[in-house]
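Down below is the structure, laid out as structure tokens.
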Amino acid sequence: MNTRDNDQVRARVRTAYAKVAKGADGLSVGCCGTKAGSGSLAMGYTEADLASVPEGSDLGLGCGNPQAIAAMRPGETVLDLGSGAGFDCFLAASRVGRTGRVIGVDMTPEMVSKARDNARRISATNVEFRLGEIEHLPVPDESVDVVISNCVINLSPDKGAVFREAIRVLRPGGRIAISDVVATQAIPQEVAESVEALTGCVAGAAPVDEVRALLADAGFEGIKVAPRPESGAIIAQCMPGAESFLASAIIEAQKPGGANCCGPSCCT
């Protein structure tokens, strides 16, 4: 991983997910690429969630349910990092309502096209999808209330830049609610050097302490990174043995300031 140029890493990830957008059932290895529908139910979504989104938006690429921790409110603006075919964006749109807004950002043109088509089919007027890298978000400063992401940040070769961008676009007191894969032990070298393991959300997983440090360095507070032990069974199904050094984690933090701030320095 250290010898790979960041743009080369992004190109490999983009190529893999373009294939998924064009009709592949999932990736060949890793925790991303569980079966759509049943896989999402195992990640914490409900039958009602699946029934409420357009067909083809759930690609089974998540590792958890950021909706469950985001506590979205009507009228809020939500940003989804690595929005894929729009599954989490459509669920968020129903939570923030007509007065709210949801923005999905994805670096794969095929995914953005698929998501936009899904939005047109259900006339989702409070959702939009933008082409861009999560390390360089096409979103103005302090324009978002909530940043969500589902099994995407592990794919980034510059996670620090992702968190710096997230805090830039959040309004004071804004929050992140992320489900992602983290490393609970050192990743074996042969896995760390595997392109398939990279695009399958394995090789790029950062250690828990590193994720906490990167969030703190970006300026977040109230940081929580909580691995989910129960995720081991799902990871084992996708990549046997990986459950010994990987886990899905819930990641939460706040940007200081604002009436909604709940960090230790500003909670009221």
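Determine, yes or no, whether residue 251 is open to solvent by 30 Å² or more (accessible area, probe 1.4 Å), part of a strand (DSSP E or B) and touching a Leu at 6+ places or on another chain (Cβ under 8 Å).
No; evaluated as a whole, the condition is false for this residue.
Go through the stretch 12-47 and report how many residues are modelled with pLDDT of 80 or more, open to solvent by less than 70 Å² (accessible area, probe 1.4 Å) and more than 18 Å from the chain's Cα centre (by Cα).
1
How do the strands (runs of 3 or more DSSP E) wholly within the stretch 88-157 filter down when requiring 3 or more residues that are buried (at least 24 other Cβ atoms within 10 Å of the Cβ) and within 18 Å of the chain's Cα centre (by Cα): which remain? Before you say what the answer is, go through the steps one by one.
On the way: elements: 101-106, 127-131, 144-150.
In the stretch 88-157, the matching strands (runs of 3 or more DSSP E) lie at 101-106, 144-150.
Every residue in the stretch 74-87 that is without any contact (Cβ under 8 Å) to a residue 60 or more places away in the chain and either surrounded by fewer than 21 Cβ atoms within 10 Å (Cβ to Cβ) or under 18 Å from residue 170 (Cα atoms) (or both), please.
74, 75, 83
The values are calculated or read from the model by the stated rules, or taken from the named source; none is laboratory data. Computed from a predicted structure; not experimentally measured. Counting neighbours? That spans all protein chains shown, and the Cβs are built from the backbone with ideal geometry, glycine included. For the accessible areas, the whole protein counts, side chains as well, though only heavy atoms, and no ligand, DNA or RNA atoms are used. Shrake-Rupley method; radii C 1.70, N 1.55, O 1.52, S 1.80 Å.
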